[in-house]
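One structure is given below, encoded as structure tokens.
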Amino acid sequence: MAFNGGMRFCVEADFSKLQMAVFLHCLVTKYNHQNLEPSFRWEPVKGGNILRTPGLQFPDGFHIRLMEIN
């Protein structure tokens, strides 16, 4: 069952949203793209096969290369 899917409020739902927001903020502001194209901030290395179930899954993982902004 998903967060907040039932009659009771799940406290961890807001905490997980906060964790995802902090992670994405750090990813977007601290790291830059490996390529010279300004539209990409990371470069896929391997994986990326998407399994579409009720949620998205990467059964083989999704490896990316990041470069820190100087």
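Coordinate-derived values only; no laboratory data. Every value quoted in this text rests on a predicted model; they were computed, and no experiment measured them. Cβ placement follows ideal geometry from the backbone for every residue including glycine, while neighbour counts extend to all protein chains displayed.
With both labels modelled 7 Å from their Cα along Cα-to-Cβ, the residue 66 to residue 30 distance reads 0.6 nm. Fewest-first ordering of 51, 27 by other beta carbons within 10 Å of each residue's beta carbon gives 51, 27. Simple spin-label estimate for residue 57 and residue 11 gives 3.0 nm between the two label positions (7 Å along the Cα-to-Cβ direction from each Cα).
Between residue 23 and residue 50, the simple spin-label model (points 7 angstrom out along Cα→Cβ) gives 1.7 nm.
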